[in-house]
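Chemist: If you scroll down you'll find the structure; I have some questions about it.
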Amino acid sequence: MPRMRYWKLTIEEVDKLSYDESKVLNWEIKYTWEPEEEAKFVGVFLYKNGTPKDYESVKGITYYYNNIDQKELPGITKLLKNKFGGKDSEKGERIFLEGSKEIYSGKEIAELAQELESKLNAKAVITIEFQDISEQEQKDSGLPEAKLLPIPSK
């Protein structure tokens with residue numbers, strides 16, 4: 001079955017979802033500040049199969065940033081480490097929490113999005129990607145059809 005991406009989800013939408021967590025490939029919570037031309041953003045994400053770092057794949061929560069005051073980063077890292085653990089390391093504009101707790105439920109993702117939304121004073125936009133999720137499972141999970149973005153596959 002193809003991969004399915006649900007994008008531009010709100011915290012409220014994600015909080016209500018009840019899907020099979022084993023079918024989540026990755027998720028991302030992105031925060032952007034106005035004006036958009038300044039390209040100021042932070043994204044927190046988790047890839048089930050690990051995040052590429054150099055020539056290896058690192059398991060755990062990661063976040064990236066762009067045009068953010070460097071003084072903001074320790075607070076974000078601390079919040080994530082206190083909640084999920086892991087050893088922090090940096091590569092470019094990405095901070096990895098290697099070995100951190102992994103979360104996949106809608107409730108946990110929504111809770112994290114809410115905490116960061118309060119800390120960062122920016123609106124959260126959530127994306128969740130699934131693999132091998134049937135049409136019936138999508139409906140039963142409460143995934144909003146209007147926010148489905150099918151991913152072409154071979």
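Quick note: the coordinates plus some simple rules give every number you see, no bench work behind them. None of the values given here were measured: they were computed from a predicted structure. Cβ: placed from backbone, ideal geometry, glycine included. Neighbour counts: every protein chain shown.
Chemist: Is one or more of the residues making up the stretch 62-77 of a type in the set (Phe, Trp, Tyr), more than 27 Å from Leu143 (Cα to Cα), part of a strand (DSSP E or B) and without any contact (Cβ under 8 Å) to a residue 40 or more places away in the chain?
Modeler: yes
Chemist: Going by the structure shown, is Tyr104 under 28 Å from Pro152 (Cβ atoms), of a type in the set (Phe, Trp, Tyr) and not in a helix (DSSP H, G or I)?
Modeler: In short, yes.
Chemist: Across the stretch 108-140, what is the total count of residues that are in contact with a Lys or Arg (Cβ under 9 Å, 6 or more places away or on another chain), farther than 14 Å from Val44 by Cβ and assigned to a helix (DSSP H, G or I)?
Modeler: Count: 1.
Chemist: Looking at the stretch 120-131, is at least one residue surrounded by fewer than 18 Cβ atoms within 10 Å (Cβ to Cβ), without any contact (Cβ under 8 Å) to a residue 60 or more places away in the chain and basic (Lys, Arg)?
Modeler: No, every residue in the stretch 120-131 fails to be surrounded by fewer than 18 Cβ atoms within 10 Å (Cβ to Cβ), without any contact (Cβ under 8 Å) to a residue 60 or more places away in the chain and basic (Lys, Arg).
Chemist: From the set of residues in the stretch 79-96 that are over 17 Å from the mean Cα position of the chain (by Cα) and outside any strand (DSSP E or B), which is nearest to Leu112 (Cα to Cα)?
Modeler: My answer is Asn82.
Chemist: Okay, moving on. Is the stretch 36-56 home to any residue that is in contact with a Leu (Cβ under 9 Å, 6 or more places away or on another chain), surrounded by fewer than 18 Cβ atoms within 10 Å (Cβ to Cβ) and among the aliphatic types (A, V, I, L, M)?
Modeler: no
Chemist: Determine which single condition Lys83 fails, assuming it passes every other condition in (1) among the basic types (Lys, Arg); (2) touching a helix residue (DSSP H, G or I) at 6+ places or on another chain (Cβ under 8 Å); (3) within 16 Å of Glu28 (Cα to Cα).
Modeler: (3)
The rows are residues; the columns are (1) closer than 16 Å to Tyr6 by Cβ; (2) not charged (D, E, K, R).
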| position | (1), (2) |
| --- | --- |
| Lys59 | no, no |
| Ile68 | no, yes |
| Lys71 | no, no |
| Glu93 | no, no |
| Phe96 | no, yes |
| Leu112 | no, yes |
| Lys123 | no, no |
| Leu143 | yes, yes |
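Chemist: Tally the residues that are part of a loop (DSSP other than H, G, I, E, B), of a type in the set (Gly, Ala, Ser) and surrounded by 13 or more Cβ atoms within 10 Å (Cβ to Cβ), restricting the search to the stretch 141-154.
Modeler: Residues in the stretch 141-154 being part of a loop (DSSP other than H, G, I, E, B), of a type in the set (Gly, Ala, Ser) and surrounded by 13 or more Cβ atoms within 10 Å (Cβ to Cβ): 1 in total.
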